[in-house]
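The values are calculated or read from the model by the stated rules, or taken from the named source; none is laboratory data. Just so you know, these numbers come straight off a predicted model, no measurement behind them. Glycine also receives a Cβ, built like all others from the backbone with ideal geometry; neighbour counts cover every protein chain displayed.
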Amino acid sequence: MTALALATLIPGLFLVLLGTVLCWNGAPVATRARALPRSKEAAWVLFVIAAAWFIYRVSQLSEADLIFFQKPTLVMLGFAVLAVLSIIYTPDFLAVRALAILMLVAAEPLLGAAYMEWTHPQRLLMVTAVYAGISAALYFAAYPFKLRDFFDWLFRTANRPRLLGAVLLGYGLVTAAAAFTYQK
């Protein structure tokens, strides 16, 4: 399987999973979604994963990317200190910010796989989903309380999560199916 096919399959399967959970819309779905933005447990897990992944990406930077430094060690230490200080001093809505970081860090390899692949227009299914995720990540990172408000609005009626879930499920199935259409 090519990198582009895998980069298309992964977001497609993620959307299928998210759409399925929202279509099911059991009581635990709304409860956990509403608790997520201020959850300390989710913040710790997601933020540690996000910070580790980001610091790893910084460790892979070349000397040309670092401008003032020859090695990324100081930059990595700086971001590690910022991550620890964020956990200590800004715990509110840290899970939302961690999700935003994860989306932004995950977008790079996905979009990189689709870069200059003009002969495969079906890649735009994945690229569109990734850019929508980037837009949401930037918005919710700036206004993390809006995710809480969105979940309150979404789960106010039983039909809204099912409708959103059906849209995500359908788009995810089409995107996942597109992963198998790439020619070598």
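So ASP152 clears everything in (1) crowded, with 20+ Cβ neighbours inside 10 Å; (2) more than 18 Å from LEU6 (Cβ to Cβ); (3) at pLDDT below 95 except one condition, right? Which one?
The single condition ASP152 does not satisfy is (1).
Which of the residues belonging to the stretch 146-171 are aromatic (Phe, Trp, Tyr), within 18 Å of ALA30 (Cβ to Cβ) and not in a loop (DSSP other than H, G, I, E, B)?
Listed by number, the residues that qualify are PHE150, PHE151, TRP153.
In the set LEU125, LEU104, which member is in contact with a Ser or Thr (Cβ under 7 Å, 6 or more places away or on another chain) and either in contact (Cβ under 8 Å) with a residue 12 or more places away in the chain or of a type in the set (A, V, I, L, M) (or both)?
LEU125
Say we look at the stretch 70-86 and pick out the residues that are modelled with pLDDT under 85 and polar (S, T, N, Q); which of these is surrounded by the fewest Cβ atoms within 10 Å (Cβ to Cβ)?
GLN70
Out of (1) more than 22 Å from ARG38 (Cα to Cα); (2) surrounded by 12 or more Cβ atoms within 10 Å (Cβ to Cβ); (3) of a type in the set (A, V, I, L, M), what's the single condition that is false for ILE67?
Looking at each condition in turn, ILE67 falls short on (2).
Of all residues in the stretch 87-145, count the ones that are under 22 Å from VAL167 (Cβ atoms) and assigned to a loop (DSSP other than H, G, I, E, B).
Result for the stretch 87-145: 2.
In the stretch 148-176, how many are out of contact with any Lys or Arg (no Cβ under 6 Å at 6 or more places or on another chain), within 18 Å of LEU15 (Cα to Cα) and touching a residue at least 40 places away in the same chain (Cβ under 8 Å)?
Residues meeting the conditions: 15.
Looking at (1) under 17 Å from the mean Cα position of the chain (by Cα); (2) under 21 Å from PRO91 (Cβ atoms), can you tell me which one LEU111 breaks?
Result: LEU111 fails condition (2) only.
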